[in-house]
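*Asks:* Quick one: structure below, then a few questions.
The values are calculated or read from the model by the stated rules, or taken from the named source; none is laboratory data. Computed from a predicted structure; not experimentally measured. We place every Cβ from the backbone using ideal geometry, glycine too, and count neighbours over all the protein chains shown. In case anyone asks, the SASA skips ligands and DNA or RNA and just uses the protein heavy atoms, side chains included. Shrake-Rupley method; radii C 1.70, N 1.55, O 1.52, S 1.80 Å.
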Amino acid sequence: MPHLENTVLCRESQVSTLQSLFGERHHFSFPSIFIYGHTASGKTYVTQTLLKTLELPHVFVNCVECFTLRLLLEQILNKLNHLSSSEGECSTQITCETFNDFVRLFKQITKAESLKDQTVYIVLDKAEYLRDMEAYLLPGFLRLQELTDRNVTVIFLSEIVWEKFRPNTGCFEPFVLYFPDYSIGNLQKILSHDHPPEYSADFYAAYINILLGVFYTVCRDLKELRHLAVLNFPKYCEPVVKGEASERDTRKLWRNIEPHLKKAMQTVYLREISSSQWEKLQKDDTDPGQLKGLSAYTHVELPYYSKFILIAAYLASYNPARTDKRFFLKHHGKIKKTNFLKKHEKTSNHLLGPKPFPLDRLLAILYSIVDSRVAPTANIFSQITSLVTLQLLTLVGHDDQLDGPKYKCTVSLDFIRAIARTVNFDIIKYLYDFL
């Protein structure tokens, strides 16, 4: 189909397979088809476009929206009922609570003249959520053609492999179809297809080539790349609009867009600011880091105690051990900094980098700064391990050492200040370098 080839790009083999599976309208199709692949690999778009173009009777249901058995079954039946009823008819809402009722009602609805002698398709998007529902639901949908004795095909769309679905008790095996990730060539072709009519296809293709050169290593998501392409294109065109460069002057166009693409790289996937705010920043040539909440560390969410453990680790890494008495004992008396300042400590500890500290010192500082707000719980050690896994702390030394483990805190001052602010802790007061 020429129309389909122009609409669905770089998915020719998958479209051909699905068309051969669907066959003629009156043919019995495969009872169930399982389509899987990463996000933004075209599963939903290809399936919907194919069913609409071929004008096949189908019901499309998102399993995220229908999070209970009743919602899911009723959504399918009501959409089917709407398909079978004529335009002037007002279809009544169907209620269905069990899968047994669903099979009975499905048989009744598909008796309608408009659905007779043709395959009905039920498409379940985000099918991985079916695993959290009743155990009999997935095997029931897989055998729906057999249970209802009707010409019906259930299509499952998922981001995870079939092996993670298969029940231990066994079930009817669906036809499995894989949608691979788009290659850089595929992305170039698809994104270039969206070119605005006021600019030439070659000009937009050159822009997409620059965009993929910057973002392809960190982002392969077609939706995200399409969003970035639309967002940054006005800036790329700016020299052409102002008459400072021609469409073929790629070097000047690249120099103009490069700093803005680097700024956009900091916010891939995050959506920290809206598109309108981003466009305003580009016009004003403002650094997006100046916007409140745009820094990456404001998005790190840690449990309450993990924040205090991280603060204690930072203090242990950047304060000399001799100064702990001054900072963390209530009745230490007056000690001047000059009295215990050694020659080699004239250099800032922050310039020298973090120093290793033993676990007992970390715990002593932790109990001191948490004070009596909340009693420390027994899972502190597991939280320390989690911080090491997140690479906020580093384990120093070997596992077979006889004394306790030693750690280093790897976070920056800005990061720890942001974390301390969330628990109302003034960390600067406790840092030796800022006395």
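*Asks:* Among residues belonging to the stretch 376-407 that are among the small types (G, A, S) and out of contact with any helix residue (DSSP H, G or I) (no Cβ under 9 Å at 6 or more places or on another chain), point out the one that is modelled with the highest pLDDT. Please lay out each step first, then the result.
*Replies:* Here is the first cut: in the stretch 376-407, the residues among the small types (G, A, S) are 378, 382, 386, 397, 404.
Restricting the remaining residues to those that are out of contact with any helix residue (DSSP H, G or I) (no Cβ under 9 Å at 6 or more places or on another chain) gives 378, 382, 397.
Numbers: A378: 59, S382: 84, G397: 74.
In this case the residue turns out to be S382.
*Asks:* Within the set of pairs 6+ apart or on separate chains, which have a first residue in the stretch 5-18 that is farther than 11 Å from Y178 by Cα, a second that is of a type in the set (S, T, Y), and C-beta atoms under 6 Å apart?
*Replies:* So the pair list comes out as T7/T49; V8/T49.
*Asks:* Which one is surrounded by the fewest Cβ atoms within 10 Å (Cβ to Cβ), of the residues in the stretch 114-127 that are of a type in the set (D, E, K, R) and either under 21 Å from E146 (Cβ atoms) or touching a helix residue (DSSP H, G or I) at 6+ places or on another chain (Cβ under 8 Å) (or both)?
*Replies:* Within the stretch 114-127, the subset of a type in the set (D, E, K, R) is 116-117, 125-126.
Right, trim to either under 21 Å from E146 (Cβ atoms) or touching a helix residue (DSSP H, G or I) at 6+ places or on another chain (Cβ under 8 Å) (or both) and you get 116-117, 125.
Working: K116: 12, D117: 8, D125: 20.
For the stretch 114-127, the residue satisfying everything is D117.
*Asks:* Could you look through the stretch 205-251, keep only residues that are open to solvent by less than 20 Å² (accessible area, probe 1.4 Å) and without any contact (Cβ under 8 Å) to a residue 24 or more places away in the chain, and pick out the one that is farthest from the chain's Cα centre (by Cα)?
*Replies:* Taking the candidates together, the pick is A245.
*Asks:* A further question on this structure: With the structure loaded, tell me whether T338 is outside any helix (DSSP H, G or I) and either at pLDDT 85 or above or of a type in the set (V, I, T) (or both) or whether it fails that test.
*Replies:* So T338 fails the test.
*Asks:* Just for the stretch 73-113: of the residues that are at pLDDT 90 or above, farther than 18 Å from R150 by Cβ and part of a loop (DSSP other than H, G, I, E, B), which one is least open to solvent (accessible area, probe 1.4 Å)?
*Replies:* The qualifying residue least open to solvent (accessible area, probe 1.4 Å) is T98.
*Asks:* Restricting to the stretch 115-166, what's the tally of residues that are within 22 Å of T49 (Cβ to Cβ) and assigned to a helix (DSSP H, G or I)?
*Replies:* Number satisfying all stated conditions: 2.
*Asks:* Can P196 be described as open to solvent by less than 30 Å² (accessible area, probe 1.4 Å) and in a loop (DSSP other than H, G, I, E, B)? Don't jump to the end; show me each part of the working.
*Replies:* Values: open to solvent by less than 30 Å² (accessible area, probe 1.4 Å): yes; in a loop (DSSP other than H, G, I, E, B): yes.
In short, yes.
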